[in-house]
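The values are calculated or read from the model by the stated rules, or taken from the named source; none is laboratory data. Every value quoted in this text rests on a predicted model; they were computed, and no experiment measured them. Counting neighbours? That spans all protein chains shown, and the Cβs are built from the backbone with ideal geometry, glycine included.
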Amino acid sequence: MKIRIKGNSVRFRLTKSEVERLRSASHLEEQTEFSGKTFAYAIEVTNGNKLSADFIGDKIMLNMPKVMIDELSNTDRVGFEDLTGPVNLLIEKDFACIDNTDEDQSDHYPNPHVAC
């Protein structure tokens, strides 16, 4: 799981296996260790009907409705977007990069801009 933060926008990107883990376990979490402190970001599947997020302690918690994760998993839908107060939230499939990269992209979704 990757996050990208710019201003009041937070974007989460998920690989194929992360989408499936989220469907089965209803929770994903990653951590970044700093000197003496840990920053965490997580997604929790809920029964709600819209994306929402909280920042508590040192963790961003994205709440994602089960119907959205099911649609992300079972359709060609790329992602979902919503607002939590002034913060724009986006969750989307992580597509393979078109340009050269050293990152292992075997678990990424096929990029729709590349002819197969």
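Would you check if there is a residue in the range 16-28 being over 11 Å from the mean Cα position of the chain (by Cα), farther than 16 Å from residue 94 by Cβ, crowded, with 16+ Cβ neighbours inside 10 Å and not polar (S, T, N, Q)? No, every residue in the range 16-28 fails to be over 11 Å from the mean Cα position of the chain (by Cα), farther than 16 Å from residue 94 by Cβ, crowded, with 16+ Cβ neighbours inside 10 Å and not polar (S, T, N, Q). Within the span defined as the range 2-24, one or more residues are modelled with pLDDT of 95 or more, of a type outside the set (Phe, Trp, Tyr) and at positive phi.
Give the number of residues within the range 31-51 that are over 11 Å from the mean Cα position of the chain (by Cα) and touching a residue at least 12 places away in the same chain (Cβ under 8 Å).
Initially, the range 31-51 is screened for residues over 11 Å from the mean Cα position of the chain (by Cα), giving 31-40, 45-51.
Checking the rest, the ones that are also touching a residue at least 12 places away in the same chain (Cβ under 8 Å) come to 37-40, 45-51.
Qualifying residue count for the region: 11.
Residues that are modelled with pLDDT of 90 or more, over 22 Å from residue 24 (Cβ atoms), exposed (fewer than 11 other Cβ atoms within 10 Å of the Cβ) and of a type outside the set (Lys, Arg) are absent from the range 68-83 altogether. When the residues of the range 31-65 are filtered to those that are in a loop (DSSP other than H, G, I, E, B) and among the small types (Gly, Ala, Ser), which remaining residue is surrounded by the most Cβ atoms within 10 Å (Cβ to Cβ)? Across the range 31-65, the extreme among qualifying residues is 48.
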